[in-house]
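Input: a single structure, listed below in structure tokens.
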Amino acid sequence: MAAEREHWGSNLGFILAAAGSAVGLGNIWKFPYITGENGGGAFVLVYLLCIAVIGVPVMICEIALGRHTQRNPVGAFKQLNPVSCTMAHFIGLCFMLSGLFLFCFSQWGWGATALVIGALIFRYRWILVGAMGVLAGFVILSFYSVVAGWTLGYVLQAVGGQLTFANVAEAQEHFGVFIRDVRWAIGCHFAFIVICVLIVYHGIKSGIERWSKVLMPVLFLLLLALIIRGITLPGAMAGVRFYLSPDFSRIDAQSILVALGHAFFSLSLGMGAIITYGSYLRRDQNIFTSTLSIAALDTLVALMAGLAMFPAVFARGFAPDTGPGLVFQVLPAVFHQIPLGALWAFLFFLLLLVAAVTSGISLLEVVTAYFVDERRWPRRRAVVVFGAVIFLLGSLCAVSVADWSRIEPLHRFLVAAFGTTEASFFDVMDHMASNWMLPLGGLFISLFVGWVWGTRHAVDEIRHGSHNFADVHLMSLLAGLRDDPSHNSPAHVITLASLWGIFIRFISPVAVLIAFLNTIGWLDF
Ligand code: PHE
């Protein structure tokens with residue numbers, strides 16, 4: 001018999017660890033620049049709506065799935081997989097037809113992939129959603145750790161006084177040389193993976209929880225220090241205005257979809273990280289209020305990250321809409337111009353590194369939990385072996401950013417099969433995870449909970465641990481669980497209750513499906 005499953009030491013520990021997974025490069029590196037590109041404050045409002053309407057309901061599903069089954073994503077779906085499922089067969093059929101359709105257009109790689117996935121769905125049904133999550137753990141961590149490695153490199157360079165640039169062009173050039181220098185790129189990527197391995201190696205309570213409790217407050221303090229520094233610079237208010245004043249003319253279908261996709265990535269949804277963290281929860285902990293806290297922390301950090309950056313960028317007269325390069329190519333030049341610049345640069349990249357570590361460990365934990373639960377591997381062996389595998393995959397990403405020609409056979413294969421030409425292996429992995437795996441994962445998780453496992457069972461799980469809160473009434477009423485003695489809840493509570501069910505069964509699947517079809521170009525807005 002396997003040893004008893006480890007659990008979080010406290011509810012706060014769980015919230016900080018899950019918020020640590022959610023708060024990452026997505027919040028600090030990506031959110032500010034996509035906000036800058038999509039109409040500032042107006043985009044922030046749309047994003048908040050996506051978090052509330054889609055993100056929070058789906059996160060509740062993931063935590064409930066994890067806690068109910070006490071298993072990794074594959075184990076969770078295995079435990080609840082129905083013997084026969086019309087919906088799964090229908091989805092399998094859709095994949096197979098898409099495969100044939102793609103063959104008609106000579107898309108051989110994509111067509112074959114869709115056919116194989118369709119066949120696998122017939123065989124394994126919902127377990128595949130969990131398997132895709134574990135696979136996504138490998139895929140995401142392999143490119144995530146490369147960017148995290150650059151961050152680590154910049155922390156070291158800030159200490160060494162190497163981030164001194166007179167202008168953005170110099171900073172850009174430095175960044176270009178830096179990421180192409182394989183010693184730096186691979187060395188820092190390696191160091192990042194070692195940090196994650198060391199934390200996950202020690203398990204849930206004394207590894208992930210302990211470090212999240214230290215790192216999350218550090219992250220908050222660093223962010224606060226940077227915001228205060230930024231907004232007290234002369235001319236900073238223009239940045240605050242740019243960031244927060246809504247420009248609704250910039251909002252279109254496309255930016256709404258960007259907001260939705262980012263809400264998923266940012267809350268770590270759609271790949272089982274939250275199922276896995278939920279599986280270490282005890283039944284007396286409140287899922288509903290925990291989810292609200294995690295989503296609120298994640299959103300707060302994203303908003304604060306923009307406030308830490310734009311005021312300083314404006315105060316020093318730089319352009320705010322430089323896209324992905326903002327963090328590595330513009331900020332170092334900005335910092336160099338303010339007093340004690342090296343110190344601020346150091347603190348900023350340290351902040352980014354801390355955020356990346358707490359997300360990286362959740363990705364590694366998904367993979368580890370699978371091998372521990374399903375394959376009965378000792379945790380330590382799983383962590384070290386898959387840390388090494390991810391290091392190798394990530395090295396391909398790092399090298400491909402520098403120069404494809406170093407891994408030409410892989411490049412040729414991808415071009416032949418999928419027609420990718422320009423994109424580096426790094427981009428391929430990023431694209432595969434963010435545009436395919438996470439949206440499909442989110443879609444299937446809400447379909448599964450809404451229609452297959454059923455909101456009634458989900459609610460039965462959620463209401464454990466919520467006895468002191470109004471939400472227990474709303475949840476049990478929603479599911480028609482009349483065995484709860486106190487169900488004379490106020491009307492607004494009942495309304496909220498039915499809303500969750502509607503979101504999970506109808507709104508999230510439809511919204512995510514539209515976003516997904518748009519990203520893959522089958523539905524053009
Ligand atoms: N949420 C993390 C971020 O914002 C990324 C992540 C996605 C982590 C999926 C785990 C799982 O950077």
Contact order normalised by length for the chain, with contacts defined as Cα pairs under 8 Å and 6 or more residues apart; what percent is it? 29 percent
Which residue, chosen from 428, 400, 504, occupies the Cα position most advanced towards the positive end of the dipole of the chain, where the dipole is computed from +1 (Lys, Arg) and -1 (Asp, Glu) charges on Cβ about the Cα centre? 504
What net charge is computed for the residues neighbouring residue 81, neighbours being all others with C-beta under 13 Å from the C-beta of residue 81, Lys and Arg scored +1, Asp and Glu -1? +4
Which one, 110, 81, 17, is farthest towards the positive end of the dipole of segment 1-132 when Lys and Arg carry +1 and Asp and Glu -1 on their Cβ? 81
Expressed in nm to one decimal, what extension gain is obtained for the pair residue 122 and residue 319 from 0.36 nm per residue of sequence separation less their Cα-Cα distance? 65.7 nm
Mean Cβ neighbour count within 10 Å, used as a protection proxy, ranking 385-393, 135-143 highest first: 135-143, 385-393
Bounding extents of the chain in its principal axis frame from Cα atoms, largest first in Å, are 68, 55, 52
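Work out the FRET efficiency for residue 214 and residue 237 from their Cβ-Cβ distance, taking R0 = 45 Å, and round it to the nearest 0.05.
Working: r = 34 Å, r/R0 = 0.77.
So, using R0 = 45 Å, E works out to roughly 0.85.
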Hey, with R₀ at 22 Å, roughly what FRET efficiency would residue 381 and residue 191 work out to, going by the Cβ-Cβ distance, to 0.05? 0.55
Which ³J(HN,Hα) values, rounded to whole Hz and listed in residue order, are derived for segment 192-201 from phi using the Karplus coefficients 6.51, -1.76 and 1.60 in 6.51 cos²θ - 1.76 cosθ + 1.60 with θ = phi - 60°, glycine and proline given as x? 5, 4, 4, 4, 4, 4, 4, 6, 5, 3
Pairing the Cα long axis of helix 11-22 with the longest principal axis of the chain, what angle in degrees results, from 0 to 90 and rounded to the nearest 10? 60 degrees
With a cut-off of at most 16 other beta carbons within 10 Å, and DSSP calling the residue loop, which chymotrypsin sites (Phe, Trp or Tyr not before Pro) in segment 60-123 qualify? Please list them. 105
Shape of segment 62-197, Cα gyration tensor, a/c cut at 1.5: oblate
With the dipole of the chain defined by +1 on each Lys or Arg Cβ and -1 on each Asp or Glu Cβ, the option from 439, 167, 119 whose Cα lies farthest towards the positive pole is 119
Highest-first arrangement of 44-51, 269-276, 366-373, where packing means the average Cβ count within 10 Å: 269-276, 366-373, 44-51
Given labels modelled 7 Å from the Cα in the Cβ direction, how far is it in nm from residue 94 to residue 337? 5.0 nm
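Just order 257-267, 8-18 by mean Cβ neighbour count inside 10 Å, highest at the front, would you?
257-267, 8-18
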Under DSSP loop assignment and at most 11 Cβ neighbours within 10 Å, longest GluC sites (Glu not before Pro)-free interval of the chain: 5-421
Using alpha carbon centers only, segment 106-161 is separated from segment 255-323 by a whole-angstrom value of 20 Å
Contour minus Cα-Cα span, residue 252 to residue 502, at 0.36 nm per residue, comes to 87.5 nm
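Each value in this text was obtained by applying a stated rule to the coordinates, not by laboratory testing. Note that the coordinates shown come from a computational prediction; the quantities given were computed from them, not determined experimentally. All Cβ positions, even for glycine, are placed from backbone atoms using ideal geometry, and neighbour counts span all protein chains on display.
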